[in-house]
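Since every read-out is calculated from the coordinates, none of them should be taken as a lab result. Since we're looking at a predicted model, the values are computed, not measured. Backbone-built Cβ (ideal geometry, glycine too); neighbour counts: all protein chains shown.
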Amino acid sequence: MSLRENQAKTIINQALGQASLGDVRVSVHANKGGNARWGASMPTTSGDIETLNVSVTAVTRDHRKATASGNDTSKEGLAKLVQQAEAMAALSPVDPEHMPARGKTTYLSSSAFDRKVSTMKASGRSPIVKAVIEAGKGQGLDMSGILSHRDQTIAAGDRAGLFGYSRATRMFASTTARTSDGTGSAKAARVGFAADTVDGAALASEAALWSLRSKEPTGLDPGDYTVVLAPQAVSDLLGFLIGEMSHRKAFEGRSFFSAGTGDTKIGQALFGSTITLSSDPTDAKDPGAVMTAGGDPQPKVTWIEAGVLRALRSGRYWSSKTGVAVRPMPSSLHLAGGTGSLDDLIANVDKGVLVSRFWYNRMLQPRSILATGLTRDGTFWIEGGKIVRPVKNMRYNDSPLTLLTKASAMGAAVRAGGTFDRTDVVPPMIVDGFHFDSTSDAV
């Protein structure tokens with residue numbers, strides 16, 4: 001279901017009004033949305049869903065805490081949740097990293113709501129699905145994919161005066177086009193907060209173009225190559241980077257960003273001078289969430305500026321110990337780019353590999369941020385500034401640090417359509433010396 005601000009506040013206040021402990025915190029998550037799937041160029045499933053969850057966290061005077069969750073928002077149901085949380089808190093161990101209630105908190109303002117998405121039903125999904133399937137079938141391709149939309153509310157409050165509310169919509173679609181001989185495959189995806197984010201025919205046309213070009217790939221020896229990374233491939237690697245940008249891990253000597261125990265590399269030039277990485281949940285075109293599920297504000301942050309590390313993530317407890325600003329896992333990443341398109345970058349490469357995206361990505365060595373995964377849905381050999389043939393997928397063993405230290409050119413930044421748990425606006429990039437460890441026959 002969806003909740004207006006006054007409805008969310010009423011639920012939180014009613015729960016807080018039932019509390020006997022001085023420190024009780026309430027969060028409300030409401031979701032209304034739907035989805036449609038298709039496979040073998042036929043619609044398969046469609047459905048709508050509404051969910052509501054209320055979580056009550058009770059904290060005793062000696063810092064024991066527990067959380068109870070449910071979906072009954074009646075006065076009796078909320079009272080039961082509070083009673084459960086308070087009873088469990090009395091039996092819980094003392095939290096050594098206890099933090100007091102937030103109290104009154106200021107949040108940034110972001111406009112990420114579209115009524116067309118909020119009110120969308122099957123009748124709104126079906127024309128998009130039809131357009132995708134028909135555009136692919138017209139070129140002899142098997143189409144599969146998913147379209148989903150949601151209207152999500154997050155609210156939080158406590159007895160110290162906190163009330164935070166955020167409501168946002170999201171529209172997401174991805175489709176995979178597979179050639180009839182099974183040797184070619186490509187994927188296209190779009191994500192945003194507005195209904196016009198997804199054009200079914202355009203989505204299918206993009207996937208079809210690359211699918212047909214990827215037919216009958218040939219092998220390429222493992223080794224170090226100049227690569228042209230499409231925006232989705234860039235986003236796939238950046239996820240590893242932000243995951244390791246913890247101030248606590250760096251301070252304790254457990255990460256690449258450590259400068260010895262008790263010190264970090266903040267202020268050091270670690271990356272190329274063209275690299276600037278920031279977060280801006282208020283971006284008008286590609287906004288992110290302005291608050292976390294637990295009620296922490298999402299600030300604007302410059303993580304890397306002209307190659308210099310400027311900030312690392314920190315939670316409330318670690319911030320209270322060290323004095324650094326609270327910076328939660330960001331809801332958005334913006335990697336500043338240059339100008340031009342993916343095609344423009346390809347035209348500037350004498351010999352190299354074009355990577356559409358990575359998948360099955362896993363961390364190998366957190367200290368060096370060494371990761372592994374496979375290319376997928378379109379990998380190509382470039383020669384003389386042109387794509388000359390498709391190549392078989394390859395396993396990479398490399399790091400986002402390579403991405404940010406060996407980038408020789410960047411195109412214009414765009415929204416990565418296949419990353420929807422975070423808003424990533426990133427450019428296509430030319431990166432030198434990227435390592436592929438082996439080949440794969442998987443399409």
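A compact table of results
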{"quantity": "Count of Lys pairs (Cα-Cα under 26 Å; at least 8 positions apart or interchain) in region 217-443", "calculated": "14"}
{"quantity": "The chain: calculated mean residue ellipticity at 222 nm from DSSP helix runs of at least 4, using -39500 (n - 2.57)", "calculated": "-6500 deg cm²/dmol"}
{"quantity": "Fewest-first ranking of ILE387, ILE369, using other Cβ atoms within 10 Å as the exposure measure", "calculated": "ILE387, ILE369"}
{"quantity": "Highest-MSF residue in the chain out of ALA230, ALA168, ALA347 [GNM, Cα springs under 10 Å]", "calculated": "ALA347"}
{"quantity": "Loop GluC sites (Glu not before Pro), region 1-110, which have at most 15 other Cβ atoms in a 10 Å radius of their Cβ (DSSP)", "calculated": "GLU97"}
{"quantity": "Potential lengthening between LYS130 and LYS104 on full extension [0.36 nm per residue; Cα-Cα distance subtracted]", "calculated": "4.5 nm"}
{"quantity": "Ascending count of other beta-carbon atoms within 10 Å, so fewest first, for THR419, THR261", "calculated": "THR261, THR419"}
{"quantity": "Förster radius 56 Å - calculated FRET efficiency between ASN397 and ASN53, Cβ distance, rounded to 0.05", "calculated": "0.90"}
{"quantity": "Debye, to nearest 20: dipole size of the chain, +1 on Lys, Arg Cβ, -1 on Asp, Glu Cβ", "calculated": "940"}
{"quantity": "Answer label, with semi-axes √(5λ) of the Cα gyration tensor in Å calculated from the coordinates and candidates [x] 106, 28, 18; [y] 34, 24, 20; [z] 41, 29, 17", "calculated": "[z]"}
{"quantity": "Separation in nanometres of the label points that stand 7 Å from Cα toward Cβ, at TRP359 and THR274", "calculated": "3.0"}
{"quantity": "Highest-first arrangement of 219-228, 102-111, where packing means the average Cβ count within 10 Å", "calculated": "219-228, 102-111"}
{"quantity": "Contour minus Cα-Cα distance for MET1 and ALA201 (0.36 nm per residue)", "calculated": "69.0 nm"}
{"quantity": "Under the span-like rule (Cα at least 24 Å along the axis, Kyte-Doolittle mean at least 0.0), DSSP H helices of the chain", "calculated": "75-91"}
{"quantity": "Ranked list, fewest to most other Cβ atoms within 10 Å of each Cβ, for THR183, THR423", "calculated": "THR183, THR423"}
{"quantity": "Qualifying lysines (Cα of each under 28 Å from Cα of LYS75; at least 8 residues distant if same chain)", "calculated": "LYS9, LYS32, LYS65, LYS104"}
